[in-house]
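The values are calculated or read from the model by the stated rules, or taken from the named source; none is laboratory data. Not measured: the values here are computed from a predicted model. When we count neighbours, we look across all protein chains shown, and the Cβ atoms used for this are built from the backbone with ideal geometry, even at glycine.
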Amino acid sequence: MKTILVATDFSKAANNAVQYAAKLAAQQKAKLILINAFAIPLGGYDSMAPMESISSIKDYALKELTKLMNEILNHHKHLEVECSVELGNPVVVITDLALQLKPDLIVMGIIGEAGALKKHLIGSSTLRIARKGTCPVLIVPESCLYHPIHNITFACDLDKIEEGKLLKSVKHFTKLLDGNLEIITVNKQSPDEKQIETYQFIDKKLADIKHKLVSINDDHTSTALEYYFKIHPSDLIIVNPKKHRFFERLFSESVTNHLAFTVSLPLLVIHS
């Protein structure tokens, strides 16, 4: 990786994502860009004196970003770090900045734990940016601390996996992180002939990296994965929201307990 863009609103969850991104950037020898985007609430907007308010907010944000940058540089002296404060809707600002700078990765935090995580994730700025598909987005749960990534799991539907560059992107990140890849699918019935052919296609495409294929028979994706990850730990989950129903199923299903793996593991959203 050459450039990692990490967004923060200075919350505990966001700043945890900043620390995660800093350690990842140091490991990858990548440039780190810290961004804070803020919008002025229309209800509190004084059209007669907007510039003073905006200037105060920007000064405060820049001061906080600089503090974060200095903390990072105390631990990673050779890391290249930049700060940027922008006025505007965070989703629009971060998406536009990603188009302009073309980072290899956007890192964002997510708040909450257990069942509350799903409520915060759906409709949040983090998820909306992840869905945009400008570049890969790494969602870091508030309770997730950085450690080297070795075991990577790509959770997906088999449908249309042979189209586009999806497997190529998954393979790219696996090589970049020097990890072992596991591809897991949840199906309502045992694989049919077509799905077996798809598994053979995947095996061929991933022949030069360590990987394995896992198929689970279950009607409920979330609960099946929750149970699976309790037994088979992973360091990173990869999902693809555009061409696969898995992403929608994952965050729309009703679950009795919590999605343990989303609480404790970073989620990498990539687009084919």
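Quick notes on this one:
- Any chance L62 is at pLDDT 90 or above, in a helix (DSSP H, G or I) and not assigned by TED's automatic domain parsing to the domain that holds H172: yes
- Answer from L167, L181, L177, L206 - the residue that is of a type outside the set (K, R), touching a helix residue (DSSP H, G or I) at 6+ places or on another chain (Cβ under 9 Å) and farther than 18 Å from L138 by Cα: L206
- Residues being assigned to a strand (DSSP E or B), under 15 Å from the mean Cα position of the chain (by Cα) and farther than 15 Å from E64 by Cβ - total across the stretch 4-33: 2
- Any hit, the stretch 217-224, residues being surrounded by 19 or more Cβ atoms within 10 Å (Cβ to Cβ), among the hydroxyl-bearing types (S, T, Y) and assigned to a helix (DSSP H, G or I): yes
- The one condition in (1) in contact with an Asp or Glu (Cβ under 8 Å, 6 or more places away or on another chain); (2) closer than 25 Å to T198 by Cα; (3) among the aliphatic types (A, V, I, L, M) that I149 fails to fulfil: (2)
- Matching helices (runs of 4 or more DSSP H) fully within the stretch 115-201 where at least 1 residues are of a type in the set (A, V, I, L, M, F, W, C), at pLDDT below 90 and not assigned by TED's automatic domain parsing to the domain that holds T221: 116-121, 125-132
- Search result, residues across the stretch 238-264 that are at pLDDT 55 or above and surrounded by 22 or more Cβ atoms within 10 Å (Cβ to Cβ): I238, N240
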